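The values are calculated or read from the model by the stated rules, or taken from the named source; none is laboratory data. Predicted model, so just to flag it, every value in this text is computed and none were measured. In this analysis, Cβ positions are derived from the backbone assuming ideal geometry, glycine residues included, and neighbour counts consider all displayed protein chains.
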Amino acid sequence: MAIHNPEEILKIAAVKNASDVFIISGQPLSYKIDGQIVKHDDEKLMPDDTEAIINKIYELSSDRNLTRVSDGGDDDFSFSIPKVARFRVSAYKQRGTLAAVIRIVAFDLPEPASLGIPPIVLAQGDLKKGLMLVTGPAGSGKSTTLACVIDKINNDFNDHIITMEDPIEYLHRHKKSIVSQREISLDTESYVHALRAALRQAPDVILLGELRDSETIDIAMTAAETGHLVISTLHTVGAANTIDRVIDAFPAEQQGQIRVQLAMVLKSVISQQLVPAIDGGVIPVFEIMLVNDAIKNMIRESKIHQIDSVITSSQAEGMVTMDGSLIKLFKEGKITEETALAFAVQPDLMKRRMSL
């Protein structure tokens, strides 16, 4: 029997350890569990059903105004149900009807080791200044990795951490550090506006939800240059692609200057993907690039295509390529050969390496 009470829907999702809930007309209420979409039952939701459920979700979110989704077609926001979980809602119109995908975010962060986050990734939080980028496709766990790094800083250092997120997912309590969390559109009008203001708010660490455009990137690099640790994300896979994306965000006449600046401030690029595990569920795969003198020179001299070979030859420093991580998981019996090849950056080369 279909459920139309959003509180009940979200409680069931939390109990099932679902990552997402789908409320879409013409489709039964569905949950994503261990990377698989599972229907609650066979009863399809009608347009009136989805509209009623989503209206009630807006009521749960402190009576948030529906104007943005009704007029603009999209809206993103977060809210909590006490003793259940926190929820990130993406409401939108499809075929003229209201729909929503809701991400479930636990109140307490799990242990990073249980999530498969390597210690060297968390160690990037020990940096005192510079730019750390966590990259990967949507839904690859970037927000969780960022939250774990911020939590480590919060536990270990007496800092002022300012986060700018759209929307806020994990709520951080003040521990050794003071944590100011700002939600775009609710607490401030834009990333650029919040980032400019943050530089006057005595920050030690700035978490920026996403590097969306050249203006945001420019201010973020300036902040990293002037003695702050700036942590942000991009929807790229691989360090080389990430560096190219940052540089290509600027006009051609500025790119030489940006290469020099990026070479100075960039400290690390952590790329991640979630891939299907043999025993069910998903498993994170990481590429880790730590900026050394060789990589700085390659960024300055526009030899980005050579970075993968430096990562491959710098395992002693803690670096690893995405394909190297996939091969390791395959050899440990955690993922299949087909999965490794499907998520590889260079599948032909990987196939040859796997046959050795």
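Residue-by-condition table, conditions (1) assigned to a loop (DSSP other than H, G, I, E, B); (2) among the aromatic types (F, W, Y); (3) free of Cβ contacts under 8 Å to residues at least 12 places away in the same chain; (4) on the phi < 0 side of the Ramachandran plot:
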position: F22; (1), (2), (3), (4): no, yes, no, yes
position: S25; (1), (2), (3), (4): yes, no, no, yes
position: I37; (1), (2), (3), (4): no, no, no, yes
position: H40; (1), (2), (3), (4): no, no, no, yes
position: E43; (1), (2), (3), (4): no, no, no, yes
position: D49; (1), (2), (3), (4): no, no, no, yes
position: D63; (1), (2), (3), (4): yes, no, yes, no
position: S78; (1), (2), (3), (4): no, no, no, yes
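Looking across the stretch 16-50 at every residue that is out of contact with any Ser or Thr (no Cβ under 7 Å at 6 or more places or on another chain) and more than 30 Å from A277 (Cβ to Cβ), the one that is surrounded by the most Cβ atoms within 10 Å (Cβ to Cβ) is identified as D49. Just one residue in the set R173, R212, R196 is among the charged types (D, E, K, R), touching a strand residue (DSSP E or B) at 6+ places or on another chain (Cβ under 8 Å), free of Cβ contacts under 8 Å to residues at least 60 places away in the same chain and assigned by TED's automatic domain parsing to the domain that holds K128; that residue is R173. Filtered by the rule that a residue be farther than 28 Å from K331 by Cα, of a type in the set (D, E, K, R) and not in a loop (DSSP other than H, G, I, E, B), the stretch 300-314 gives a lone residue, R300.
If the condition is being within 19 Å of S309 (Cα to Cα) and part of a helix (DSSP H, G or I), then the stretch 251-299 contributes A263, D293, A294, I295, K296, N297, M298, I299. Taking the stated definitions as given, is I53 in contact with a Pro (Cβ under 6 Å, 6 or more places away or on another chain), of a type outside the set (D, E, K, R), within 14 Å of V89 (Cα to Cα) and surrounded by 13 or more Cβ atoms within 10 Å (Cβ to Cβ)? Yes.
Could you list all residues from the stretch 192-216 that are in a helix (DSSP H, G or I) and out of contact with any helix residue (DSSP H, G or I) (no Cβ under 6 Å at 6 or more places or on another chain)? Passing the criteria: H193, A194, R196, A197, A198, S214.
With respect to the conditions (1) modelled with pLDDT of 95 or more; (2) surrounded by 15 or more Cβ atoms within 10 Å (Cβ to Cβ), L274 falls short on a single one, namely (1). Comparison of F77, F87 shows that the only residue that is touching a Pro at 6+ places or on another chain (Cβ under 8 Å), farther than 30 Å from S268 by Cβ and buried (at least 21 other Cβ atoms within 10 Å of the Cβ) is F77. Does the stretch 294-312 include one or more residues that are farther than 19 Å from M132 by Cα, in contact with a strand residue (DSSP E or B) (Cβ under 9 Å, 6 or more places away or on another chain) and surrounded by 17 or more Cβ atoms within 10 Å (Cβ to Cβ)? Scanning the stretch 294-312, I find no residue that is farther than 19 Å from M132 by Cα, in contact with a strand residue (DSSP E or B) (Cβ under 9 Å, 6 or more places away or on another chain) and surrounded by 17 or more Cβ atoms within 10 Å (Cβ to Cβ), so the answer is no. Annotation note: of S25, S90, S30, S70, the sole residue that is at pLDDT 90 or above and within 26 Å of L186 (Cβ to Cβ) is S90.
Is at least one residue of the stretch 337-345 buried (at least 16 other Cβ atoms within 10 Å of the Cβ), hydrophobic (A, V, I, L, M, F, W, C) and closer than 26 Å to G125 by Cβ? No.
For T236, are the conditions met, namely being surrounded by fewer than 22 Cβ atoms within 10 Å (Cβ to Cβ), touching a residue at least 12 places away in the same chain (Cβ under 8 Å) and not charged (D, E, K, R)? Judged against the criteria, T236 is a match.
Among the residues of the stretch 221-233, those identified as surrounded by 19 or more Cβ atoms within 10 Å (Cβ to Cβ) and outside any helix (DSSP H, G or I) are H228, L229, V230, I231, S232, T233. Considering the stretch 165-191, the residues that are acidic (D, E) and part of a strand (DSSP E or B) include one that is nearest to D63 (Cα to Cα), namely E183. Residues in the stretch 1-21 that are within 20 Å of the chain's Cα centre (by Cα) and farther than 17 Å from A106 by Cβ: there are none.
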